[in-house]
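Below is one structure, written out as structure tokens; comments come after it.
The values are calculated or read from the model by the stated rules, or taken from the named source; none is laboratory data. On a predicted model such as this, the values are computed, not experimentally measured, just so you know. Virtual Cβ from ideal backbone geometry, glycine too; neighbours counted across all protein chains shown. Ligands, DNA and RNA are stripped out before the accessible areas are found, and what is left, the full protein with its side chains, is counted by its heavy atoms. Shrake-Rupley method; radii C 1.70, N 1.55, O 1.52, S 1.80 Å.
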Amino acid sequence: MHLQAQTLTNQFAPSVAPLKSTSKSRFAYPKGCRFRRFSFRALKCSVSAISELAPTELRNVKPFPAEVSRTIMELSSVGTLSSLSHEGWPLGVGVRFAVDQDGTPLLSLNESMREFSIDRRSSLHVQLEQCGLRTPQCTIQGSLDKPDNKMNLKRLHTTWKKRFGEDINEDLLYIVSVERVLQIDDFGEVGVLVNSSDYKTASPDPLRNFAERLVNEINTNNAEDVNRFCNIYADLNFEFTEAKLIWIDRLGFDLRVFSPQKGTFEFRIPFPREVTDEKGAKSTFNGLSQQAWEVERNFQALDFEKVKQFKMVRPLHSLE
């Protein structure tokens, strides 16, 4: 369910007090995701025109699990293939894979790997780290098969070469015929089962190829905006000391905040309209930044509903 399209406008005016870096962050960031000292700059995009303020109502809108699974598979190239060995033991091996146009994984298996299973039933587990803060994952369950015709075989050869820049030995080429998919948002969370039809007909997120770069750019250069988003667009009833963007997709972005009194929470701020490319994502971010800045300084009234749904990631006692 998409938010209704609304027009946005005005380039964001620079902030004056960027967040300072800290060596005692409660978030486990890789090097590219830490707070740094910086001077503010707005996101660059060729068009940053926005008219009328973005959302009149903010709701938690996120991609369906099937779409998330397709995105994980598109952005990954290694996973764990598991099955039962002839001795009856569950056995998992690391494999490289590519995905066909409908999300079907194709693998290159050597002779020893092809013989480890007592039947064709198998699973392929894949996970994607997002800015060192969250690891969504999916497990493809299905049967390990050979391509069924020459036309499919030629297409799979092309797919493999595009992903890895090399040809694949036809004798070693296998596919996992998808029967269902288990999609999990992060470690320790409850998964959702996706049927084969929903998985194959879903489309991977259109922002996937630049999402990580854009998230890092925002966290590095627009940290004060992220902090302001939490205050303006979210109905937080506690003080927080750190805020971080986790991921961005066509429908919005996810953030994580740390409160010394409450612990670590995650929530989502939806876009006022769906975006399909990098220019649209940057323009929408700039529009939301402009609106938040004006509301903060009482240049306009608070005329939208704040986000009220929050997920506790870690309670305070688990961080002590």
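For the reader, a short list of remarks on this structure follows.
- Pairs where the first residue, in the range 114-139, is β-branched (Val, Ile, Thr) and the second is in a loop (DSSP other than H, G, I, E, B) and modelled with pLDDT under 85, C-beta under 7 Å, 6+ apart: Ile118/Ser85; Ile118/His86
- A residue that is in a strand (DSSP E or B), within 29 Å of the chain's Cα centre (by Cα) and surrounded by fewer than 18 Cβ atoms within 10 Å (Cβ to Cβ) cannot be found anywhere in the range 149-161.
- Checked across the range 190-204, the condition of being in contact (Cβ under 8 Å) with a residue 12 or more places away in the chain, β-branched (Val, Ile, Thr), under 23 Å from Ser122 (Cα atoms) and in contact with a Cys (Cβ under 7 Å, 6 or more places away or on another chain) holds for no residue.
- Taken over the range 172-219, the criterion of being touching a helix residue (DSSP H, G or I) at 6+ places or on another chain (Cβ under 8 Å) and assigned to a strand (DSSP E or B) is satisfied by Leu173, Tyr174, Ile175, Val178, Glu179, Arg180, Val181, Gln183, Val192, Val194.
- Any hit, the range 97-105, residues being closer than 20 Å to Lys200 by Cα and open to solvent by 30 Å² or more (accessible area, probe 1.4 Å): yes
- In the range 190-225, the qualifying residues are those that are more than 17 Å from the chain's Cα centre (by Cα) and within 24 Å of Gln291 (Cβ to Cβ), and the one that is surrounded by the most Cβ atoms within 10 Å (Cβ to Cβ) is Asp225.
- Whichever residue in the range 278-310 is of a type in the set (Asp, Glu) and more than 27 Å from Asp186 (Cβ to Cβ) and, among such residues, is least open to solvent (accessible area, probe 1.4 Å): Glu294
- Within the range 230-267, considering residues that are outside any strand (DSSP E or B), touching a helix residue (DSSP H, G or I) at 6+ places or on another chain (Cβ under 9 Å) and of a type in the set (S, T, N, Q), the one surrounded by the fewest Cβ atoms within 10 Å (Cβ to Cβ): Gln261
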